[in-house]
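The values are calculated or read from the model by the stated rules, or taken from the named source; none is laboratory data. What you are looking at is a predicted structure, and each value in this text was computed from that prediction instead of being measured. Neighbour counts run over all protein chains shown; Cβ positions are idealised from the backbone, glycine included. Only protein heavy atoms, including side chains, enter the accessible area calculation; ligands, DNA and RNA are left aside. Shrake-Rupley method; radii C 1.70, N 1.55, O 1.52, S 1.80 Å.
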Amino acid sequence: MTEDRVKLEPSWKERIGDYLGRPDMQALATFIRSEKQAGKVVYPPGPEIFAAFDHTPFDAVRVVILGQDPYHGPDQAHGLCFSVRPGVPPPPSLQNIFKEIQRDLGIARPDHGCLTPWADRGVLLLNAVLTVQQGLAASHQGKGWEGFTDAAIDALNREREGLVFMLWGSYAQRKGQLIDSRRHCILKSVHPSPLSAHRGFLGCGHFSAANHYLESRGVAPIDWSLPPRAALG
């Protein structure tokens with residue numbers, strides 16, 4: 001995985017592009033190639049692996065939502081954590097996210113689960129691991145992605161100020177140890193999955209809290225509504 005071959009959004013490439021040349025990233029690229037050569041299906045498709053960075057340039061980030069790894073079902077993952085392509089039914093965790101937004105902000109649930117508009121408005125939807133084997137959750141954990149996404153979070157922590165980090169579940173919270181709570185707002189909760197959402201995610205108020213924090217710093221709040229599926233094209 002070389003810096004010149006990966007199409008990483010320029011503002012991100014400037015800060016973390018060098019990381020792609022590290023031996024662990026070369027080993028990761030070799031692993032993914034060998035998996036594909038063995039006939040295994042890897043999600044998301046290659047051009048969408050770095051979609052979170054493409055849609056949310058470094059200086060545009062206002063909120064960061066940390067996920068774990070991509071969805072592993074057909075046609076689901078497209079490079080943004082918790083998001084699915086238009087027309088794909090929202091998975092249970094995403095349904096709970098919509099449920100909390102409706103409770104918190106009174107925004108009606110959308111008729112799809114594509115979060116691309118959020119990403120385009122400054123919400124970095126970053127998974128800790130950017131690829132996965134079809135049908136096998138967490139199959140690419142520990143292969144090198146974690147260091148790369150740590151570098152992205154570290155760059156935001158050091159160079160930006162006043163960001164909101166939403167850390168849902170123990171995995172995201174461990175990754176959140178890279179963030180200075182004196183410089184940024186850290187919102188923690190259990191994961192929105194059906195197994196845990198009732199233990200604190202539903203009722204957490206993170207979406208209104210994020211907007212209140214941004215507004216208190218003179219930054220425009222996030223529009224958490226989503227256009228109807230027909231408007232996405």
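Observations on the model:
- Per-region count, region 29-54, residues over 20 Å from the mean Cα position of the chain (by Cα) and under 28 Å from Trp118 (Cβ atoms): 2
- Selection from region 171-219 of residues that are open to solvent by 40 Å² or more (accessible area, probe 1.4 Å), part of a loop (DSSP other than H, G, I, E, B), closer than 24 Å to Asp69 by Cα and free of Cβ contacts under 8 Å to residues at least 12 places away in the same chain: Leu195
- Scan of region 165-179 for residues that are of a type in the set (A, V, I, L, M, F, W, C) and within 13 Å of the chain's Cα centre (by Cα), ordered by number: Phe165, Met166, Leu167, Trp168, Ala172
- Among the candidates Val61, Val84, residue that is at pLDDT 95 or above, closer than 30 Å to Cys185 by Cα and touching a His at 6+ places or on another chain (Cβ under 8 Å): Val84
Quick grid of which residues meet (1) under 21 Å from Ala51 (Cβ atoms); (2) modelled with pLDDT of 95 or more:
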{"site": "Cys114", "(1), (2)": "yes, yes"}
{"site": "Val129", "(1), (2)": "yes, yes"}
{"site": "Ala152", "(1), (2)": "yes, yes"}
{"site": "Tyr171", "(1), (2)": "yes, no"}
{"site": "Ile179", "(1), (2)": "no, yes"}
{"site": "His198", "(1), (2)": "no, yes"}
{"site": "Asp223", "(1), (2)": "yes, yes"}
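- Look at (1) part of a loop (DSSP other than H, G, I, E, B); (2) surrounded by 15 or more Cβ atoms within 10 Å (Cβ to Cβ); (3) not polar (S, T, N, Q) and you find that Lys7 fails only one, number (2).
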